[in-house]
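Visitor: There's a structure below that I have some questions on.
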Amino acid sequence: MNLFADAVNWILEPANYVGSNAIPLRLAQHLVFTLVTLVMASAIAIPLGYLIGHTGRGRGLAVTTSGGLRAIPTLGLLTLVALWVGIGVVAPYVALTVLAIPPILAGAYTGFEAIDRRTVDAARAVGMSELQIVQKVEVPLGLPLLIGGLRSATLQVIATATLAAYVADLGLGRYLFAGLKTRDYAEMLGGSMLVILLALALEGIFALIQRFVVPRGVSGRVGGRAPGTTDSTPVSHSLRTEDPTVAR
Amino acid sequence: MIEFRSVSKRFPDGTLAVQDFSLVLPSHKTTVLVGSSGSGKTTLLRMINRMVDPTSGSVAIDGEDIATLPPVKLRRGIGYVMQNSGLLPHRTVLDNVATVPLLRGTPKRQARADALVLLDTVGLDRALADRYPGQLSGGQQQRVGVARGLAVDPNILLMDEPFGAVDPIVRAELQQELVRLQKDLDKTVVFVTHDIEEAFLLGDQIVILREGGRIAQVGSPADLLARPADDFVASFVGADRGRRVLHVERHGAEDVVVDSDGRLAGVLNGNPAEGDR
Amino acid sequence: MTWVLANLGLIWARTLDHVVLSLPPIVLCFLIALPLGWLARRYRISRGIILTGAGLLYAVPSLPLFFVLPAVIGTGLRSPLNVIIALTLYGVALMVRVVSDGLDSVDADVRQSASAVGYSAWSRFWQVELPLSGPVLLAGLRVVAVSTVSLVTVGAVIGVQSLGSLFTDGFQRGIQAEIIAGLVVTVGLALVFDGGLVLAGRVLMPWNRRAAPSKPNVPVELRAT
């Protein structure tokens, strides 16, 4: 436990709160990097996922591509892109955006697919245009699974951003690699604890968000469903907050 | 008046759902399309609001070919009630009823006020207005579905097995409600069902369909029972068996009516015209 | 290509290292997750504790875990054991949920009729519930396998040799071919493991052969870092 005491001391050490290697600065870098990556990945993945989910076209391709992308080891992609574009923040941004796309894409289109087809059919039959169906029916009902995808992507990026410090002067991961180089275990362990705390905090925040984005009326928390109402069951089933697609 | 002019529909997978179907559905009457699954009845219904477009032939409403009308606008003018109510699970009962008026640009306050009145019309307690569909019973959901179908005061109301998924007692109740509603509202109703009893109860004009949307017989309930066109129709309406075939037996001083299985169906009351015996 | 041809021996050695690091976690996590998953499904309290714990564990990034584990269990930072234990933990975190869901997926009617014809709780688990949840377990294990093979590479940055060493070495020496070779062989190895599991599934669950899914359809997220 001595090691942990050292690590905690390292975290609390005032000297680690000033200069270009200050903990708040590294934390901010880590968060900004994560946020920007997520925004870039979302800008690509959400519209594409919605298109796939609404039209039902291109799903096979999306599944295959996403599956392939996920099997690729992150470190390999990071180092390869870093060799191409040089050491710096560009490589992590490119590599991590690519890695964050599959979970968001899957969240977007599975969110649409999980909606009872009859609900969409009825919306069309009463006279909603395709755009209105997307806006008023599919987006709100698909939100929980999209947030689930964003949650996966966020944790993925937080984790990989740590690894990105291997090729760029970036984020909390620097402490791990700097400590490794100087054999300063307190720094390595302290940095690791910070990353883990950050990941768990974001996990908690997303768990809360997911509770709130389940549209009222489909959360299953709004009371018992009467017998004979088979229509909403598939939706509410797939939107369970403890759905394995959303919790990792 | 809705008119099918030699309409056919072949789906992309090759199934011929409807073949050369022609029919006039008179205004302010209830026409029931009845047939077993695969008879194309739902396909025919969905042609009226262009949810399905015919492969050949045309559908006209009041003489106007609907293929020339934009589908979204057309659908907003036609009421549609489906089997599973098709309500939006994330919207309250009131907002579900007000969906189409809001789409058509009715101010929110107005649309909601109208929707409340419609809840009365379909026999729903106003206290349910703020509930979500998932909190209602199946029968209540169907009533909301009917209210939504009526929300724009359409001339035409399409009903696709609307009472198919509720239990028999609730179904009977809803059927009676619809009979009452239609008396007041006088819409042109097109009703799809596989239940001949339901067809007899609701229909002014009944269309019995064979496989592939071919018409076996069109007529009033009395026509179909008294003069079935062939064995298929006779068997479908049950004119050849059970409690459709009644005869009178003398029981002491009274005439009682008995079905073909010998079960007592009722007592003959009053003096029916000779011809009706 | 020249680099690859000149270093086939190295690639082969790293591949063997990789197999040694990735096989134990896949096997161990299954053995550990089985009783835990059963426990998670059996009692309400244990369910909350186990599944929440598994969810949190799965959220911990791998690289920091490689640094923290030695401080907890006393392994050396560069010990392969460190990587094996960390990846076993991830595997367990994922499989616990899969086992619990898999057991859940067994038709209640089947379960009840098994009891009705006289299976004890113990024999019912082994002879009815476990085999019938097999397809779900298999799909989950395939995700674990692919994810584990990918994660082993991360160990290279702390000095545990695997195919990931081709990334770190290639990066430091600026040899693109080395990194690409590492990527190709890692993905290839993942495919081999995956194929092996599919094959095992066909042998062990012949009744499921017709409907054998080509993709893992357990909706669990793969972790890559």
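Visitor: Take the Cα atoms of segment C:17-64, build their convex hull, and give its volume per residue in Å³.
Guide: Output value, Cα hull per residue: 66 Å³.
Visitor: To the nearest µm²/s, what D does Stokes-Einstein give for segment A:2-213 at 20 °C and 1.002 mPa s, using the Kirkwood radius over alpha carbon pairs as Rh?
Guide: Once the numbers are plugged in, D ends up at 114 µm²/s.
Visitor: Okay, moving on. Heavy-atom accessible surface, probe 1.4 Å, ligands and DNA/RNA ignored: which residues of segment A:94-124 lose at least 20 Å² versus the isolated chain?
Guide: Correct list: A:Arg118, A:Thr119, A:Asp121, A:Ala122, A:Arg124.
Visitor: Please work out the Kirkwood hydrodynamic radius for segment A:21-70, using every pair of different C-alpha atoms, and report it in angstroms with one decimal place. Walk me through the numbers on the way to the answer.
Guide: On the way: mean 1/r = 0.0772 Å⁻¹.
Result for segment A:21-70 stands at 13.0 Å.
Visitor: Mind checking Rg over Rh on segment B:159-248, alpha carbons, Kirkwood formula for Rh?
Guide: Here the Rg-to-Rh quotient is 0.98.
Visitor: Considering only DSSP beta bridges whose two residues both sit in the protein assembly as shown, what percent are antiparallel, to the nearest 5?
Guide: So the antiparallel bridges amount to about 60 percent of the total.
Visitor: Please average, across the residues of C:88-101, the number of beta carbons from any other chain that are within 10 Å of each residue's own beta carbon, and give a whole number.
Guide: Neighbouring Cβ atoms belonging to other protein chains average 1 per residue here.
Visitor: Under the √(5λ) rule applied to the eigenvalues of the Cα gyration tensor, what semi-axes describe the equivalent ellipsoid of segment A:82-198? Give them in Å, descending. Show your work: numbers first, answer last.
Guide: Details: eigenvalues 373, 47, 12 Å².
Largest first, segment A:82-198 gives 43, 15, 8 Å.
Visitor: Per residue, how much accessible surface does chain C expose to a 1.4 Å probe? Answer in Å², no decimals.
Guide: Roughly 44 Å² per residue, with all protein chains present.
Visitor: Specify, per residue and in Å³, the volume enclosed by the convex hull of the alpha carbon atoms belonging to segment B:2-244.
Guide: 129 Å³
Visitor: I'd like the residues of segment B:71-108 whose 1.4 Å-probe accessible area shrinks by no less than 50 Å² going from the isolated chain to the full set of protein chains.
Guide: B:Arg75, B:Asn84, B:Leu88, B:Pro89, B:His90, B:Leu103
Visitor: To continue, here is another question. Radius of gyration and Dmax for segment C:12-113's Cα atoms, expressed in Å?
Guide: Radius of gyration, then largest Cα-Cα span, for segment C:12-113: 16.2, 53 Å.
Visitor: What percent does the relative contact order of chain A come to when contacts are Cα pairs within less than 8 Å and at least six residues apart? If you can, show how the numbers build up before the last one.
Guide: Working: 305 pairs, mean separation 61.3, N = 248.
Worked out over chain A, it gives 25 percent.
Visitor: When you count, for each residue, the other Cβ atoms within 10 Å and take the mean per peptide, how do C:106-119, A:176-189, B:147-160 rank with the highest first?
Guide: Working: C:106-119: 12.1, A:176-189: 19.1, B:147-160: 22.2.
So the order, starting with the most tightly packed, is B:147-160, A:176-189, C:106-119.
Visitor: Also: What residue among B:Ile206, B:Ile61, B:Ile169 shows peak mean-square fluctuation when chain B is described by a Gaussian network model with Cα springs under 10 Å?
Guide: Among B:Ile206, B:Ile61, B:Ile169, the largest mean-square fluctuation in the Gaussian network model of chain B belongs to B:Ile169.
Visitor: What share of Cα pairs, in percent, lie more than 17 angstrom apart in segment C:67-106?
Guide: 43 percent
Visitor: Calculate the radius of gyration of the Cα atoms of segment A:59-146 to one decimal place, then report Dmax, the largest Cα-Cα distance, as a whole number, both in Å.
Guide: Cα radius of gyration and Dmax of segment A:59-146 are 18.1, 57 Å respectively.
Visitor: If you don't mind, there's one more thing I want to ask. Counting residues in the protein assembly as shown as N, plug N into 2.2 N^0.38 Å and put the Cα Rg over that result.
Guide: Dividing the Cα Rg of the protein assembly as shown by 2.2 N^0.38 Å gives 1.22.
Visitor: Taking each residue in A:179-185, count the Cβ atoms of any other chain within 10 Å of its Cβ, then average. What number comes out?
Guide: 2
Visitor: Counting only complete DSSP H runs, which helices of chain B cover 24 Å or more along their long axis at the Cα atoms and score a mean Kyte-Doolittle of -0.5 or above?
Guide: B:168-185
Visitor: Using only the alpha carbons of chain C, determine the length spanned along each of the three principal axes and report them from longest to shortest in whole angstroms.
Guide: 67, 42, 23
Visitor: Can you give me the P(r) profile for segment B:1-133? Cα pairs, bins 10 angstrom wide beginning at 0, each as a whole percent.
Guide: With 10 Å bins starting at 0, P(r) equals 11, 34, 29, 21, 5.
Visitor: Leaving out ligands, DNA and RNA, and with a 1.4 Å probe, what % of the accessible surface on chain C is carbon or sulfur?
Guide: Working: 6640 of 9860 Å².
Roughly 67 percent, rounded to a whole number.
Visitor: Once you've got the Cα coordinates, tell me which of B:Lys108/B:Lys183; A:Lys136/B:Lys9; B:Lys73/B:Lys187 are over 27 Å apart.
Guide: Exceeds cut-off: B:Lys108/B:Lys183; A:Lys136/B:Lys9.
Visitor: A further question follows. Shielding by partners for C:46-52, please: the mean number of other protein chain Cβ atoms within 10 Å of each residue's Cβ. The partial results should precede the final answer.
Guide: Working: counts 0, 1, 0, 0, 0, 2, 2.
Partner Cβ neighbours, averaged per residue: 1.
Visitor: Chains C and A: how much accessible area gets covered up at their contact, both sides added, probe 1.4 Å, in Å² to the nearest hundred?
Guide: Buried area (both sides, nearest 100 Å²): 4100 Å².
The values are calculated or read from the model by the stated rules, or taken from the named source; none is laboratory data. Computed from a predicted model, the values in this text were never measured in an experiment. Note that we place each Cβ from the backbone using ideal geometry, even for glycine, and neighbour counts take in every protein chain shown. In case anyone asks, the SASA skips ligands and DNA or RNA and just uses the protein heavy atoms, side chains included. Shrake-Rupley method; radii C 1.70, N 1.55, O 1.52, S 1.80 Å.
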